[in-house]
Amino acid sequence: MARTLKLRIWRGNDKDGGLQDVTVEANNGEVVLDIIHRVQATQMGDLAVRWNCKAGKCGSCSMEINGKPRLACMTQVSAYGEDEVITITPLRAFPVIKDLVTDLSFNYKKAMEVRAYEHPADLAPGEARMQQIDVERSQEFRKCIECFLCQDTCHVIRDHEENKKSFAGPRFFIRLAELDMHPLDTLRNRKQSAQEEHGLGMCNITKCCTEVCPEHIRITDNAIIPMKERVVDVKYDPLRWLGSVIRKREGIL
Amino acid sequence: MKTGKGNLRGFKSHALRQFCAKSHSCGRFHLYKRAPCLALNVLGHETSPMAIDTSGNGVFSEGRAKLTARTLRTDKWWLQPFITVLVLFSFIVYATFRAFENGKYFAQPLISPFYSPCLASNCVKDSTSFVGTFFGTYHVLGMTVSPSLFILIFPLAFRMTCYYYRKAYYRSFWMSPPACAVAEPHTKYTGETRAPLILQNGHRYAFYAGLVFNVFLTIDAVGAFRNEKGQWGHMSIGTLVLLANATFLWLYSASCHTCRHTVGGRLRNFSQHPIRYKLWTWVSILNHKHQQFAWVSLFGVALADLYVRQVSGHSIRNLYFF
């Protein structure tokens, strides 16, 4: 064992709870999830934690470590100082189920509200052909592992529970951007729905979603801002609107 | 959430502790009255959360993990917004002073970027641009209106609506949020859906206006290849200063998110528009550095103006290389 770690782990449920002090041994090269498992095995047998792949690809072990939304399996213990106390809490934007496990159903409801890809009527399945440069923008967004750290850190819902009704969050803005940039998607009013139904206008682009993304997706620069600009094209730019009416441009509406 | 005095023990002043505790219990104190508590919260941590009524909202909502702290971050998250406030506020003060100073903005062949293009009839001799004068000489409260006031609104609008600066000032001035995973002090939030912030959607028009100014400032930089008598073929430190300023401004504009959208970002089929795809690729490379260009160009404008001011006021000499 290389060092002794001092932890504070939040334990409780949706009604009550608090931080509990724990001291545990840690080996070189271990991540926070390893330490949580050791605590679970030796001191807190009923500690609830959600995890799966331990490789930063399933997005299950999202939690807040020293106040920052992180994947526990990708957070090296050595990143913290010798005397530093590591505080581990559940995601603070969502209701707690037990200990470090939160109820993420908000995200799945929002996922269902995003209207799916619509295939061109004149193209039979299997006949669609797209070039790489037409889909590579969207491929960045397909890296999303749905850890929901971006949703957790987004202050629009983290700090304002009432906005959850009208705001989909950054994870679903990249989904909307992916569909809107899709060369074959034929759903025409995706931009309007992004603004009016999914609350794109609520985002004030403070880029916290990009900062916490473990897949390093440039959520704000490559998805949210392009979507905001596309919304301006159809809702707020009188010249673009006029141009679209006169020339009946394809792809604007 | 209950926030008792015990949570405020990190505060040094007993009176301030009492005030903050009182403002919390009263719940609806005006923001300015809570300012001391807000300031203390900037340095707050788990043991000293801000004494603002947040019960039932945000991270203190029903069902979420019961914690009294607004953030559990232990790093210096407050440093970046603090520096941003300091720098932007200093720039605003300096730019306001210079805009109203109405003097020391021209020293043949150099003109300050705060006064270019000089479009008023009261501009200093030879400082007007090739497009002539659109405005006369106006007086308000016995003071002559500075020519700078007719033009500065456009570059100001470009920066105010810029996607990077929006991040910077929403975080540092409006604390919405002050940093990631640090609870903001506001009880309501509507984002950019209502006036006046819905006007941020007009960023592209401010961008177009910014491009026009870049053209004027580039012409000024080219014109700086003259000497004090107006003869071409000379180069001074002032030439380099104006050239650097124009270059930084072009980089800032070219890396803009709206520029990226305009040149090709709005397309769905890059394969059908190879030239626009290439342009979009180049702008995307610059776009990665938009934040840096935003700051460098801001300093560039202020320093170029300061240099011209010092030369015009005869505090320093504009040294010529040839």
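Taken together, A:96, A:101, A:135 contain a single residue that is within 9 Å of another protein chain (Cβ to nearest Cβ) and either within 18 Å of the chain's Cα centre (by Cα) or β-branched (Val, Ile, Thr) (or both), which is A:96.
For segment A:64-71, the count of residues that are modelled with pLDDT of 95 or more, small (Gly, Ala, Ser) and closer than 14 Å to residue A:8 by Cα is nonzero. Restricting segment A:138-176 to residues that are within 12 Å of the chain's Cα centre (by Cα) and acidic (Asp, Glu) leaves a set whose member that is farthest from the other protein chains (Cβ to nearest Cβ) is A:146.
Filtered by the rule that a residue be touching a strand residue (DSSP E or B) at 6+ places or on another chain (Cβ under 7 Å) and either aromatic (Phe, Trp, Tyr) or more than 9 Å from chain B (Cβ to nearest Cβ) (or both), segment A:190-236 gives a lone residue, A:214. It is to be established whether one or more residues within segment A:114-133 are touching an Asp or Glu at 6+ places or on another chain (Cβ under 9 Å), at pLDDT below 95 and in a helix (DSSP H, G or I). No, every residue in segment A:114-133 fails to be touching an Asp or Glu at 6+ places or on another chain (Cβ under 9 Å), at pLDDT below 95 and in a helix (DSSP H, G or I). I'd like the residue in segment A:71-93 that is part of a strand (DSSP E or B) and more than 10 Å from every other protein chain (Cβ to nearest Cβ) and, out of all such residues, is surrounded by the most Cβ atoms within 10 Å (Cβ to Cβ). The extreme case among them is A:71. You will find that of B:284, B:271, B:315, the residue that is part of a loop (DSSP other than H, G, I, E, B), without any contact (Cβ under 8 Å) to a residue 60 or more places away in the chain and of a type in the set (Ser, Thr, Tyr) is B:315 and no other.
Within the set A:162, A:178, the sole residue that is farther than 16 Å from residue B:198 by Cα and out of contact with any helix residue (DSSP H, G or I) (no Cβ under 9 Å at 6 or more places or on another chain) turns out to be A:162. Only one of the listed residues (B:168, B:179) is small (Gly, Ala, Ser), under 24 Å from residue B:113 (Cβ atoms) and crowded, with 19+ Cβ neighbours inside 10 Å. That residue is B:168.
A quick yes/no check of all residues on (1) within 14 Å of another protein chain (Cβ to nearest Cβ); (2) outside any loop (DSSP other than H, G, I, E, B); (3) within 16 Å of residue B:203 (Cα to Cα); (4) of a type outside the set (Gly, Ala, Ser):
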| site | (1), (2), (3), (4) |
| --- | --- |
| B:133 | no, no, no, yes |
| B:148 | no, yes, no, no |
| B:154 | no, yes, yes, yes |
| B:158 | no, yes, yes, yes |
| B:164 | yes, yes, yes, yes |
| B:167 | yes, yes, yes, yes |
| B:171 | yes, yes, no, yes |
| B:174 | yes, no, no, yes |
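The condition of being out of contact with any Cys (no Cβ under 9 Å at 6 or more places or on another chain), among the small types (Gly, Ala, Ser), under 20 Å from residue B:119 (Cα atoms) and part of a helix (DSSP H, G or I) does not hold for residue B:206.
Here residue B:132 does not qualify as surrounded by 18 or more Cβ atoms within 10 Å (Cβ to Cβ), on the phi > 0 side of the Ramachandran plot and small (Gly, Ala, Ser). Within segment B:185-211, the set of residues being within 8 Å of chain A (Cβ to nearest Cβ), among the basic types (Lys, Arg) and out of contact with any Asp or Glu (no Cβ under 9 Å at 6 or more places or on another chain) is empty.
Conditions tested, residue by residue: (1) surrounded by fewer than 19 Cβ atoms within 10 Å (Cβ to Cβ); (2) touching a Pro at 6+ places or on another chain (Cβ under 7 Å); (3) touching a residue at least 60 places away in the same chain (Cβ under 8 Å).
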{"residue": "A:6", "(1), (2), (3)": "yes, no, yes"}
{"residue": "A:13", "(1), (2), (3)": "yes, no, yes"}
{"residue": "A:16", "(1), (2), (3)": "yes, no, no"}
{"residue": "A:19", "(1), (2), (3)": "no, no, yes"}
{"residue": "A:37", "(1), (2), (3)": "yes, no, no"}
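Per the listing A:174, A:224, A:217, the residue uniquely in contact (Cβ under 8 Å) with a residue 40 or more places away in the chain, under 21 Å from residue A:111 (Cβ atoms), not aromatic (Phe, Trp, Tyr) and not in a helix (DSSP H, G or I) is A:217.
Taking segment B:212-268 as the search range and keeping residues that are away from chain A (no Cβ under 14 Å) and basic (Lys, Arg), which one is surrounded by the fewest Cβ atoms within 10 Å (Cβ to Cβ)? Selected residue: B:229.
Among the residues of segment A:94-113, those identified as of a type in the set (A, V, I, L, M, F, W, C) and not in a loop (DSSP other than H, G, I, E, B) are A:96, A:97, A:101, A:106, A:111, A:112. Taken over segment B:250-268, the criterion of being outside any helix (DSSP H, G or I) and either within 20 Å of the chain's Cα centre (by Cα) or under 14 Å from residue B:164 (Cβ atoms) (or both) is satisfied by B:255, B:256. Every listed requirement among (1) away from every other protein chain (no Cβ under 14 Å); (2) in a loop (DSSP other than H, G, I, E, B); (3) among the charged types (D, E, K, R) is met by residue B:98 save one, (2).
The values are calculated or read from the model by the stated rules, or taken from the named source; none is laboratory data. Here the structure is a predicted model, which is why all the values come from computation and not from measurement. All Cβ positions, glycine included, derive from the backbone under ideal geometry; neighbour counts span all protein chains shown.
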